[in-house]
Amino acid sequence: MATQETSTGTTTQLSPESLDGALAPLAAALGDRLLTPSSAEFAETATLFVGGPERTPAAIARVRTTEEVVAALAVARETGLPLAVRGGGHHQARHGLVDGGLVLDLRLMDGVDIDAEAGVGRAQGGALAGAYTAAAGAHGLATGFGDTGTVGVGGITLGGGIGFLSRHDGLTVDNLLGAEVVLADGRVVEANADENPDLYWALRGGGGNFGVVTRLDLRLREIGTITGGMMMWEPTPAALTTVLRAFAEGPDEFAGMVNVMIAPPAPMVPAELHGKPVIMALLVHSGTAAEAEEVLAPLRALGPVLAGVQEMPYPAMFEGAGGPPSGAVGDARTGFLGAGAWSPDEAWATAAIDAVSTAGGPAALNIRAMGGAIGRVDPAATAFAHRDPAFMVTVYKGAPTAEALPAASEWVASAAQDLGVSERGYVNFMGTATEQDVRNAYPEATLERLREVKRAYDPNNLFASNHNVRP
C-alpha cells in the first residue's frame, strides 16, 4: 500500500486499486516511464549513490518535459502522496527517495545548451555536472560545480556548490543567473533578478524547498589549460598543515580539497599504503603553469608518495569521477573551521590524523578551502550565508551494514566535536535532515526569510523531502 499524508498531518494508506486510479493520468502521459515496484527497472532506478534504511516508493515518474513535471506534481498534490525529487541522487540524506510516495525522477531531462557568445550555460534539471563541464569545455568555458561528474547540476546548485573554481568565481549559487521553476500549484515561472526575485534569492542555497527546477541558467567563464590532479602524502602533522596553509594563503586561482582518509585499494595508490591513513589532495590551479608551479613547490617538497598533477583541460578533472551508485552506508557531518586566512596548527593536524587512524574502519575528514571570491559575497545576498569560514570540514564514517549506522553516527559526532568543527552546516553535505540540521544550515535571519518565501510559493509543504523549511 502507498502512504498518503493528509492536510492534518495524519497518515493513511492507499489501497492498490486506489493507487492505480490515482496514477492513471500519469500512466497515460508517461507510459512505461512510470515505474512501480513490479516494473523491471524499478529496483535499479530506486538506487541512490548512498545507502541507508530501505525506502520503497509507490511509483517513480521518469519525466522528460516541463509539462510532464506539471502532471506529476498534480498527482502528488491531489492524492497527498509524499513527494521526492531526484536529480543526481548523491545526497547523503537520500532526499531523492521517499517511502510509499512518488519520486519525480529528472534524469531524462539532461539537456545542456552552451551559449558561448552570451557566456551562459543552460542545463535542464536532470543534467549532470560532468556532461555540462564537457560541453562547456568544448568552447573553452566552464561553470564551477564540485568535484564529481555524476553529481546533478540542479542539486549542487540549489544547495551552494563548492569546488575547484569557487575561490576564483564564487560558489555555483553565485553564478546562477536564473531558473525555470515548476511551483507546487503547477504554475511554471522564471526566477531571476527581475522576475520573482525572492524565489531567486531562496533558490541560491535553500535547496529543493520551493519547486522543481527544470532549467538553470549559469554564468560561464573562460578557462584554458589548468594544472590539476591528485597528490598524496604519508600522514604527518607537518604535511597536513603545509598543505592546508597552501590553500589558505594561496591565490584565488588555487582551490581544491584535502582528505585525511584510509587509503583504498585503488590501482594508483601504492600497495603498501592500502588500508592505512594518508593525506590526499585533489587540486586545481586555473592560472598559468608557471604560477601553478610556484604554489605547488612547497607541496612537492614534502615528498608526496603520489604526484599525479599535470597540465590538462579542465573537464579532465571530472572524467571517471563518481561511478555507478554504490549503496554505501555511512554518516557524515559538515561544519566550518576558522575565518579569513586562518589555517590549522600542528596540534589540530595531529588530532585529525589520530581520529581517522583510530576510527576502526572506513573514515575520512574532507577539508575544503573557502575564502577568495566565496568570502567576498554579502552573506545576505544568497540563502547560502556561510561566507566567512576558512575551511569547510566533513567528518565521515562508513558502516558495514545499516544496523551499524548508529555507531558510525556516534563516532562522527564525537570526532567533529573534538576537532572543533562548528555545528553550522552545509545542506549539500549533511547526512541527516532534522529540524536541528535546518537550524544549523541557516542563520536565524536567513531561515526566517526562507520561511517567508516558502509560505509564498509552497504553503502546503509539498516539497518536504529535503532539509525542510516548514512554512
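The values are calculated or read from the model by the stated rules, or taken from the named source; none is laboratory data. Predicted model only: the values in this text are computed from it and were never measured. Because the Cβ atoms are built from the backbone with ideal geometry, glycine has one as well, and the counts that use them run over all protein chains shown. What goes into the accessible areas is simple: the full protein's heavy atoms, side chains included, and nothing from ligands, DNA or RNA. Shrake-Rupley method; radii C 1.70, N 1.55, O 1.52, S 1.80 Å.
What the table shows:
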read-out	value
Helices (runs of 4 or more DSSP H) (entirely within region 353-471) containing at least 2 residues that are within 15 Å of G159 (Cα to Cα) and over 19 Å from the mean Cα position of the chain (by Cα)	444-457
Selected residue [touching a residue at least 40 places away in the same chain (Cβ under 8 Å), under 18 Å from A390 (Cα atoms) and among the hydrophobic types (A, V, I, L, M, F, W, C)] from L299, L306, L283	L283
Every residue from region 382-409 that is free of Cβ contacts under 8 Å to residues at least 40 places away in the same chain and farther than 27 Å from D345 by Cβ	E403, P406, A407
Subset of region 173-182 (residues that are among the hydrophobic types (A, V, I, L, M, F, W, C) and surrounded by fewer than 21 Cβ atoms within 10 Å (Cβ to Cβ))	L177
Sole residue being more than 17 Å from the chain's Cα centre (by Cα) and touching a residue at least 60 places away in the same chain (Cβ under 8 Å), chosen from A184, A202	A184
Some residue of region 143-151 being open to solvent by 10 Å² or more (accessible area, probe 1.4 Å), outside any loop (DSSP other than H, G, I, E, B) and either touching a residue at least 40 places away in the same chain (Cβ under 8 Å) or not aromatic (F, W, Y) (or both)	no
Residue in region 439-460 that is open to solvent by less than 10 Å² (accessible area, probe 1.4 Å), in contact with a strand residue (DSSP E or B) (Cβ under 8 Å, 6 or more places away or on another chain) and hydrophobic (A, V, I, L, M, F, W, C) present	no
Positions within region 1-35 being in a strand (DSSP E or B) and at pLDDT 55 or above, in sequence order	A2, T3, Q13, L14, L34, L35
Candidates A74, A61, filtered to the one that is modelled with pLDDT of 90 or more and assigned to a strand (DSSP E or B)	A61
Any chance D113 is open to solvent by 20 Å² or more (accessible area, probe 1.4 Å) and in a loop (DSSP other than H, G, I, E, B)	no
Residues that are assigned to a helix (DSSP H, G or I) and either buried (at least 24 other Cβ atoms within 10 Å of the Cβ) or touching a Pro at 6+ places or on another chain (Cβ under 7 Å) (or both), drawn from region 152-172	V153, G154, G155, I156, T157, L158, G159, S166, R167, D169, T172
Pick from region 398-438, criterion closer than 18 Å to R387 by Cα and of a type in the set (S, T, Y), ranking: most open to solvent (accessible area, probe 1.4 Å)	S422
Matching residues in region 240-273 - criterion: being open to solvent by 10 Å² or more (accessible area, probe 1.4 Å) and in a helix (DSSP H, G or I)	T242, R245, A246, A248, E249, A271, E272, L273
Some residue of region 215-235 being at pLDDT 95 or above, in contact with a His (Cβ under 9 Å, 6 or more places away or on another chain), part of a strand (DSSP E or B) and among the hydrophobic types (A, V, I, L, M, F, W, C)	yes
Tabulated pairs, region 415-442, first farther than 20 Å from A364 by Cβ, second of a type in the set (V, I, T), C-beta under 6 angstrom, 6+ apart or interchain	A441/V427
Given (1) modelled with pLDDT under 95; (2) open to solvent by 10 Å² or more (accessible area, probe 1.4 Å); (3) in contact with a Lys or Arg (Cβ under 7 Å, 6 or more places away or on another chain), index of the condition H95 fails	(3)
Every residue from region 214-231 that is within 20 Å of the chain's Cα centre (by Cα) and open to solvent by less than 10 Å² (accessible area, probe 1.4 Å)	T214, L216, L218
Filter result (surrounded by fewer than 15 Cβ atoms within 10 Å (Cβ to Cβ) and either modelled with pLDDT of 80 or more or not in a loop (DSSP other than H, G, I, E, B) (or both)) within region 312-326	E319
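Each row is one residue, and each column tells you yes or no for (1) free of Cβ contacts under 8 Å to residues at least 40 places away in the same chain; (2) surrounded by fewer than 24 Cβ atoms within 10 Å (Cβ to Cβ); (3) among the basic types (K, R).
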| site | (1), (2), (3) |
| --- | --- |
| G31 | yes, yes, no |
| E54 | no, yes, no |
| E67 | yes, yes, no |
| R107 | no, yes, yes |
